[in-house]
1. Which condition number does Ile268 fail, the rest of (1) at pLDDT below 95; (2) surrounded by 14 or more Cβ atoms within 10 Å (Cβ to Cβ) being met?
2. Just checking, how many residues over the range 202-245 are surrounded by 15 or more Cβ atoms within 10 Å (Cβ to Cβ), in a loop (DSSP other than H, G, I, E, B) and either of a type in the set (A, V, I, L, M, F, W, C) or modelled with pLDDT of 95 or more (or both)?
3. What number of residues within the range 45-69 are open to solvent by 60 Å² or more (accessible area, probe 1.4 Å) and part of a helix (DSSP H, G or I)?
4. Need pairs with beta-carbon distance below 6 Å; first residue within 13 Å of Leu65 (Cβ to Cβ) and within the range 123-139, second among the polar types (S, T, N, Q); sequence gap 6+ or separate chains.
5. Tell me the residue from Val77, Val102, Val106, Val72 that is surrounded by fewer than 17 Cβ atoms within 10 Å (Cβ to Cβ) and touching a Leu at 6+ places or on another chain (Cβ under 7 Å), please.
6. Just need a number here: residues in the range 137-157 that are open to solvent by 50 Å² or more (accessible area, probe 1.4 Å) and within 14 Å of the chain's Cα centre (by Cα).
7. Please enumerate the residues belonging to the range 109-136 that are of a type in the set (A, V, I, L, M, F, W, C), open to solvent by 30 Å² or more (accessible area, probe 1.4 Å) and in a loop (DSSP other than H, G, I, E, B).
8. Inspect the range 164-176 for any residue being of a type in the set (Phe, Trp, Tyr) and free of Cβ contacts under 8 Å to residues at least 40 places away in the same chain and give the result as yes or no.
Amino acid sequence: LTMTLPFAVLLVLMIAQSIDGSITTDPQLAKNLLWAFGHPVVYLLLFPCVAALYYFIPRFARRELVSGRIVVVVWFVALVSNSFLWAHHMYLDYPDSGPQQVLNFVHEPVTFAIVLASAVSIYALSTTILKSDFHWTAASKFMVAGMIGWLTAGFQGVINADIQFNVMIHNTLWVVGHFHHMALLGLGMILMGVFYAVLPMISHRPLYSEKLADIHLWGMLIGGYGWVICWLAPGLDGAPRRWAVLPGKWDFWTQLSIPFIAIMTLAILVGLYNYVRTATNSPWAPDAEPQVS
């Protein structure tokens, strides 16, 4: 709600400019307003997914969440710092003096601060699983895979936040790979696990097929990681983002990504079939135990 205000200001400026062409808006001001709204919104996609992990992982582990009270504190820190970290998208937008130094001085440490919430959360969830009687099902496998994706994408985020590294990867395909890594192999895997957990609960029947869920899982892991690597690797080599056609030196990575995309697409279709059959009362006998309720 708080960070919607900068977007409202930007929207008013754009409407005024569209009505009267003599009205102009400073591009840097517009970009600050846009990212002040946009980046916190991206982080808000993470919050409900992590909440799902806090709900389900202790139930699969059959124990309380480890360090639960500490987790509450660090997410309060994350909520506050999330409202002040947009400018790491603008490390290179100004000359290296004046406004740029102020932005960098504030936003680099704040960006690192939000890593604390992810680090403590992953520690708490992993420790909850460790030495527990963990119930491995389609849902729990996807959620743990999502935790690993969250961790590995988080390492890339730390690189993005470091100004010296950002000089090398700013506006390259590395940034695109990082976002899709987090969105697909982190948040996406968690949400797919939530579907596997919730559908049997609300339909009052077991999952249609654990075997199909395993195919779905491994197809997502092989196809998904292969896909994002085909962005990360050329990004490290300087491949620019937002180009309709990349220079020919990076054609190899574009072509290599196609089979990984095909594997991932087939895996998603298998997962959708499994969801539908679970929800529509399949006449075939299920091959798995009921999910944790």
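The values are calculated or read from the model by the stated rules, or taken from the named source; none is laboratory data. None of these values were measured; they are calculated from a predicted model. Cβ sites come from the backbone with ideal geometry, for glycine too, and all protein chains shown count toward neighbours. Accessible surface areas use protein heavy atoms only, side chains included; no ligands, DNA or RNA. Shrake-Rupley method; radii C 1.70, N 1.55, O 1.52, S 1.80 Å.
1. Of (1) at pLDDT below 95; (2) surrounded by 14 or more Cβ atoms within 10 Å (Cβ to Cβ), only one is false for Ile268: (1).
2. Residues flagged as surrounded by 15 or more Cβ atoms within 10 Å (Cβ to Cβ), in a loop (DSSP other than H, G, I, E, B) and either of a type in the set (A, V, I, L, M, F, W, C) or modelled with pLDDT of 95 or more (or both) within the range 202-245 amount to 2.
3. Keep residues of the range 45-69 that are open to solvent by 60 Å² or more (accessible area, probe 1.4 Å), which gives 45, 48, 55, 59, 62-64, 69.
Within this subset, residues satisfying the condition of being part of a helix (DSSP H, G or I) are 45, 48, 55, 59, 69.
Qualifying residue count, the range 45-69: 5.
4. Here the result reads Ala124/Ser67, each pair linking the range 123-139 to a residue that is among the polar types (S, T, N, Q).
5. Details: Val102 fails: touching a Leu at 6+ places or on another chain (Cβ under 7 Å); Val106 fails: touching a Leu at 6+ places or on another chain (Cβ under 7 Å); Val72 fails: touching a Leu at 6+ places or on another chain (Cβ under 7 Å).
The match here is Val77.
6. The number of residues fulfilling the criteria is 3.
7. Leu130, Trp136
8. Of all residues in the range 164-176, those of a type in the set (Phe, Trp, Tyr) come to 165, 174.
If we keep only those that are free of Cβ contacts under 8 Å to residues at least 40 places away in the same chain as well, we get 165.
Yes, some residue in the range 164-176 is of a type in the set (Phe, Trp, Tyr) and free of Cβ contacts under 8 Å to residues at least 40 places away in the same chain.
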